[in-house]
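The values are calculated or read from the model by the stated rules, or taken from the named source; none is laboratory data. Everything numeric here is computed off the predicted structure, so don't read it as measured data. When we count neighbours, we look across all protein chains shown, and the Cβ atoms used for this are built from the backbone with ideal geometry, even at glycine.
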Amino acid sequence: MKLLLTGGAGFIGSAVVRWLMERTNWRVLNIDCLTYAGQLASVGGAAESSRYSFLRADIRDMSAMQRAFAAFEPDAVMHLAAESHVDRSIDSPMDFLATNVIGTYTLLQAALQHYERLSGERRENFRFHHISTDEVFGALGDDGKFSEDSPYQPNSPYSASKAASDHFARAWLHTFELPVVISNCSNNYGPYQFPEKLIPLMTINAFEGKPLPVYGAGANVRDWLYVDDHVTGLIAVLTKGRVGESYNIGSGAEWKNLNLVEEICAIMDELAPASSLRPHRNLIKFVADRPGHDKRYAIDATKIKRELGWSPAVSFRDGLRRTVEWYLHNAEWWQPIRDGAYQGDRLGLRKPARTAS
């Protein structure tokens, strides 16, 4: 298998690279333009494999994508490259439109041109796997879960851009017969996640004795999925998923944000019993809520479990402990980020629109 992977220097993409290099004989071309969240160090030792290659390129660059397809001749595409942080989408929505919508369109076109050159078994087996999020479905109340049939009701610029990219992928399937499969996942966590996201931000802030900012009352609920479990789900969808189908990937680990932060604090207390910061929960600080903050997400993963035989292997408490321990023992990965690209500042506080003068 020759896999063209976009966004392979990001959190989930680098986990895919590491998993494939350790467990398969696949060849992987990792395409990433290395924006602020792209860290080649996340690929780790997998980069030393002769089956791995890296191309620094922007998925919005049609010529670059066409050259990449022509040179590598992939058997499949796994499209992970995206702007992904809701708070940043509130500050800079155009960046999300450009990468997540225009970039996806460009990649679909380049993939279609490549697919139309294939014949025989290679054409029959080719797949374009578009990876999305549960946030495209909007917000849930106290009950219920998102299924593959849930209506799209995106509420943030990020989720709107991902919803649009999902629709483009489906359009290229139905109009141009590009063999597309789609997956929508719940919130990922684990090692190598960029420290603007909730779990690494809280862990690093607690380690440094800085405030732990909890939005609103901390009552918003998220369904958490360990990144390695997501990777096995992605591989299942790519290799066994039916063309034209979408699959929800989630573990059913629903936690209120406040309870999650308190759990991180409890782990920190246990791992650093002599710390003067204990109890770390005293660092929690309630701050103004995110504009348009969705109340609850929850994934119904029945379809992927029934049809593809996938199930998560890591419990949330086990995965969270692994994650906290990883950040405590790998400051050499995150410290340069905190010193440079992201210092832990609050993002996504909507500024009033300017009025015409």
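Among the residues of segment 189-201, is any of a type in the set (K, R) and either more than 14 Å from the chain's Cα centre (by Cα) or on the phi > 0 side of the Ramachandran plot (or both)? Even if it seems obvious, please write down each step before you answer.
Applying the first criterion (of a type in the set (K, R)) to segment 189-201 yields 197.
Right, trim to either more than 14 Å from the chain's Cα centre (by Cα) or on the phi > 0 side of the Ramachandran plot (or both) and you get none.
No, every residue in segment 189-201 fails to be of a type in the set (K, R) and either more than 14 Å from the chain's Cα centre (by Cα) or on the phi > 0 side of the Ramachandran plot (or both).
Counting only residues that are within 19 Å of the chain's Cα centre (by Cα) and in a helix (DSSP H, G or I), segment 204-229 holds 3 of them.
Between A288, A298, the distinction of being surrounded by 18 or more Cβ atoms within 10 Å (Cβ to Cβ) and touching a Leu at 6+ places or on another chain (Cβ under 8 Å) belongs to A298 only. Which of the residues belonging to segment 1-15 are of a type in the set (A, V, I, L, M), in contact with a strand residue (DSSP E or B) (Cβ under 6 Å, 6 or more places away or on another chain) and more than 12 Å from Y192 (Cα to Cα)? Once the filter is applied, which keeps residues that are of a type in the set (A, V, I, L, M), in contact with a strand residue (DSSP E or B) (Cβ under 6 Å, 6 or more places away or on another chain) and more than 12 Å from Y192 (Cα to Cα), segment 1-15 yields L3, L4, L5. Go through the residues of segment 168-189 one by one and say whether even a single one is touching an Asp or Glu at 6+ places or on another chain (Cβ under 9 Å) and among the charged types (D, E, K, R). Among the residues of segment 168-189, not one is touching an Asp or Glu at 6+ places or on another chain (Cβ under 9 Å) and among the charged types (D, E, K, R), which makes the answer no. When restricted to residues that are at pLDDT below 95 and farther than 19 Å from Y189 by Cα, segment 1-44 contains 1. Could you pull out the residue among S50, S63 that is more than 22 Å from the chain's Cα centre (by Cα), of a type in the set (S, T, Y), over 30 Å from I199 (Cα atoms) and in a helix (DSSP H, G or I)? From the options S50, S63, the qualifying one is S63. One residue alone among T239, T232, T302 is of a type in the set (V, I, T) and within 18 Å of the chain's Cα centre (by Cα), and that residue is T232. If you go through segment 194-228 and keep only what is closer than 22 Å to L283 by Cα and out of contact with any strand residue (DSSP E or B) (no Cβ under 9 Å at 6 or more places or on another chain), you end up with F194, P195, E196, T203, I204, F207, E208, G209, K210. Residues of segment 182-212 that are in contact with a Lys or Arg (Cβ under 6 Å, 6 or more places away or on another chain) and either under 20 Å from A15 (Cβ atoms) or buried (at least 19 other Cβ atoms within 10 Å of the Cβ) (or both): N187 alone. Checking R322, R278, R317 one by one, the residue that is among the basic types (K, R), out of contact with any Phe, Trp or Tyr (no Cβ under 6 Å at 6 or more places or on another chain) and not in a helix (DSSP H, G or I) is R278 and no other. Condition (residue is out of contact with any helix residue (DSSP H, G or I) (no Cβ under 8 Å at 6 or more places or on another chain), outside any helix (DSSP H, G or I), modelled with pLDDT of 95 or more and among the acidic types (D, E)) applied to segment 118-141: is it met by at least one residue? Checked against the condition, which is being out of contact with any helix residue (DSSP H, G or I) (no Cβ under 8 Å at 6 or more places or on another chain), outside any helix (DSSP H, G or I), modelled with pLDDT of 95 or more and among the acidic types (D, E), segment 118-141 yields no hits at all. Checking segment 75-91 against the condition returns no match, with no residue being modelled with pLDDT of 95 or more and out of contact with any helix residue (DSSP H, G or I) (no Cβ under 9 Å at 6 or more places or on another chain).
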